[in-house]
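Report on one structure; see the data block that follows.
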Amino acid sequence: MSRTSHHKARQYLTGYLFIAPWLIGFLVFTVWPFFQSIYLSFTRYNIVSPAKWVGVSNYRMLLTQDELFWKSAWVTIKFALFSVPLGIVAGVSLALLLNLNVKGITTFRTIFYLPSIVPTVATSVLFIWILNPTIGLVNRVLMLAGIQGPSWLNTAPWAFYSLVMMSLWGVGGSMIIYLAGLKDIPQHLYEAATIDGANAFRKMRHITLPMMTPVIFFNLVMGIIGTFQYFTQAYVIAPSGGPGDSTYFYSLYLYNRAWKYLDMGYASAMAWMLFLLIIVLTGLVFKTQKRWVHYGG
Amino acid sequence: MTSERRTGLTPMTKVAIYAALIMLSIPALLPLLWMVSTSLKTNTQIFGSGELTVKSLFPAPLDTQNYPAALHNMPFLLYLRNTLLLCITTVIGAVVSSAVVAYGFSKIEFPGRGALFGIMIATMALPGQVTMIPVFSLFRSLGWYGSYLPLIVPAFTASAYYVFLLTQFFRTLPDEMSEAARVDGATEWTIFLRLVLPLSKPALATCALFQFIGTWNDFLGPLLYLNDPAKYTLAYGLQQFVSHYGGFFAQLMAASTIFTIPIIILFFFAQKTFIQGISTTGSK
């Protein structure tokens, strides 16, 4: 009896030792910063001198007096509203096309995937160049159709749409996930439908799309979380927010608050508002899950 | 059943499919072609006319001097060395620590295992902005600001994402051999090193690949922690180059090309590992 309990205790200890690297990192880089960040959000803190307690004044200020807080939150939400649904539609459509069994399809898969592996900073630099108003690639192409393209990154609504366009260029990353989802759909469902006399459209509507909803749901959630942390592209293209602050993304504003103005208490309050917003939004998305996401089968 | 019969596509449909594929390939590839072709142009060719011609896509004559010029203005080899140093150390750190942790979670029973695993998965949804400021002040108070330590040390504390991928993989490995080894008196550590790791090479390769690319591309880390130009990485160096030499498009595209090509080469060599890794993420 005591031998087995001794053995058990040893086994438990071994288990904890194995997960120790994660456990230590979790305590030091997640748990402690998590609570510290709540505390800092109620202080004035410039990293050089100790934090000074100011109560809820950071939150009051950003909710009632800080126009840029609302502006950057709106830019980010608007970006999510454009890029996430467009990315899903484009990603699923491309995956459907690339799932067809024709010669050379793997080459095309590679072609569509390629843009998504270009490093983010390189993509951003490349887009600064191809969106050049006079000699950029995009306006040259538009000129072939007789259209005078806008001065993309230098004018207010277009700078925003430029970033949406750039996110669509990298749609190959999610396309691969959809493609894997399509491959997982059991072939016998289609065979049964064929016997029942279903045409291609009905198969798509009643088999393919329902079976794809879990993957679409996964990408939707990841897309929302990702958009609220959208930073590198915005920073490389316009570190101070672009024309009329039209590309002043939330995370960019947070970064500038913290590291440009050393307003770290305020930035911590912003981080918590961001976190709460993400929780609310993903919570809402999870609530709709029952109505449209099809598990099992 | 031949693939012809299974797909049952008429020649007309096939033509339509290829037409769609080719049309859609243009926006995917043209920007990349434009990047490389710009890097091989002289300023006269770049600023000449704003029309899209065959000659503007495939410049003749080719001007290769933008590459040495970019290397001169941006200490590329130094940045490359720095980037590779970070890539190698973080790959080792992340793969080793994540494999050890994944073994603990998948092969050893202990109280609280399921709950801790759930917490670990949940941390993946925690936005980095929440912990960024306290972690920064922690590293600063340790005197690590300006060094590589803030970029390397966290990698050694396992990544939730890789642990998840590896536990999925370890669970598919049969337990019979491990049980036999245990009866023979082997420790968990021995079983992990001698039995589990050698069987897990594909999954470990996926994690190594993702971490390598993650570090190669990382911009925020170097932006927060590096202040000495001699320590810059390629991603950060390229952004700095843009802010200083924004108008030198040919050199800028040359620098972007050399920054991108290693990743593309890596992709072609490890295509299978790549796709498998991404596919497991989405569907499991």
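Among the residues of segment A:52-65, which ones are on the phi < 0 side of the Ramachandran plot and either away from chain B (no Cβ under 13 Å) or surrounded by fewer than 19 Cβ atoms within 10 Å (Cβ to Cβ) (or both)? Across segment A:52-65, the qualifying residues are A:LYS52, A:TRP53, A:VAL54, A:VAL56, A:SER57, A:TYR59, A:ARG60, A:MET61, A:LEU62, A:LEU63, A:THR64, A:GLN65. Just checking, which of A:ILE279, A:ILE225 is touching a helix residue (DSSP H, G or I) at 6+ places or on another chain (Cβ under 7 Å) and modelled with pLDDT under 95? Of the residues listed, the single one that is touching a helix residue (DSSP H, G or I) at 6+ places or on another chain (Cβ under 7 Å) and modelled with pLDDT under 95 is A:ILE225. Look at (1) modelled with pLDDT under 95; (2) part of a helix (DSSP H, G or I) and you find that A:ALA271 fails only one, number (1). Checking each residue in segment B:174-203 for being among the charged types (D, E, K, R), over 28 Å from the mean Cα position of the chain (by Cα) and closer than 28 Å to B:GLN276 by Cβ picks out B:ASP175, B:GLU176, B:GLU188, B:ARG194. Taking the criterion of being under 17 Å from B:ALA19 (Cα atoms) and facing chain B (nearest Cβ under 7 Å), the residues of segment A:104-124 that qualify are A:PHE108, A:ILE111, A:PHE112. Just one of (1) at the interface with another protein chain (Cβ under 10 Å from one of its Cβ atoms); (2) surrounded by fewer than 18 Cβ atoms within 10 Å (Cβ to Cβ); (3) within 30 Å of A:GLN229 (Cα to Cα) fails for B:VAL163. It is (2). Exactly one residue among A:THR106, A:THR123 is within 30 Å of B:PHE267 (Cβ to Cβ), modelled with pLDDT under 95 and in a helix (DSSP H, G or I), and that residue is A:THR106. In segment B:156-179, the residues that are within 12 Å of A:GLY25 (Cβ to Cβ) form Cβ pairs under 7 Å with partners that are not in a helix (DSSP H, G or I), at six or more places apart or across chains, as follows: B:ALA160/B:MET124.
Among all positions in segment A:237-244, there is no residue which is in contact with a Gly (Cβ under 8 Å, 6 or more places away or on another chain) and assigned by TED's automatic domain parsing to the domain that holds A:GLY283. Figure legend. Inter-residue proximity from segment A:1-27: first residues under 16 Å from B:ARG182 (Cβ atoms) and within 9 Å of chain B (Cβ to nearest Cβ), second residues of a type in the set (Asp, Glu) and surrounded by 10 or more Cβ atoms within 10 Å (Cβ to Cβ), beta-carbon distance below 6 Å, spacing 6+ or different chains. Indicated pairs: A:THR14/B:GLU188. Picking from residues in segment A:128-140 that are farther than 17 Å from B:HIS244 by Cα and under 24 Å from the mean Cα position of the chain (by Cα), the one that is farthest from the other protein chains (Cβ to nearest Cβ) is A:LEU131. Among what's in segment A:240-260 and is assigned to a loop (DSSP other than H, G, I, E, B) and either within 18 Å of A:SER37 (Cβ to Cβ) or within 13 Å of another protein chain (Cβ to nearest Cβ) (or both), pick the residue that is modelled with the lowest pLDDT. Among them, the one singled out is A:SER240.
Only residues that are among the polar types (S, T, N, Q) and farther than 20 Å from B:PHE136 by Cβ were counted across segment A:213-257, and they come to 7. Can you work out which of the residues in segment B:144-160 that are of a type in the set (S, T, N, Q) and within 19 Å of the chain's Cα centre (by Cα) is nearest to the other protein chains (Cβ to nearest Cβ)? Here the residue is B:THR157. Residue pairs whose Cβ atoms lie under 9 Å apart, sitting 6 or more positions apart in sequence or on different chains, and linking a residue in segment B:7-35 that is facing chain A (nearest Cβ under 7 Å) and within 25 Å of A:MET165 (Cβ to Cβ) to a partner that is part of a helix (DSSP H, G or I) and small (Gly, Ala, Ser), are B:ALA28/A:GLY172; B:TRP34/B:SER56; B:MET35/A:ALA122; B:MET35/B:SER256. Against the list (1) within 30 Å of A:ASN46 (Cα to Cα); (2) surrounded by fewer than 22 Cβ atoms within 10 Å (Cβ to Cβ); (3) within 21 Å of the chain's Cα centre (by Cα), the condition A:THR227 fails is (2). Exactly one residue among B:THR38, B:THR123, B:THR89 is touching a residue at least 12 places away in the same chain (Cβ under 8 Å), facing chain A (nearest Cβ under 8 Å) and surrounded by fewer than 20 Cβ atoms within 10 Å (Cβ to Cβ), and that residue is B:THR123.
The values are calculated or read from the model by the stated rules, or taken from the named source; none is laboratory data. Model, not experiment: these values are computed from the prediction. Cβ sites come from the backbone with ideal geometry, for glycine too, and all protein chains shown count toward neighbours.
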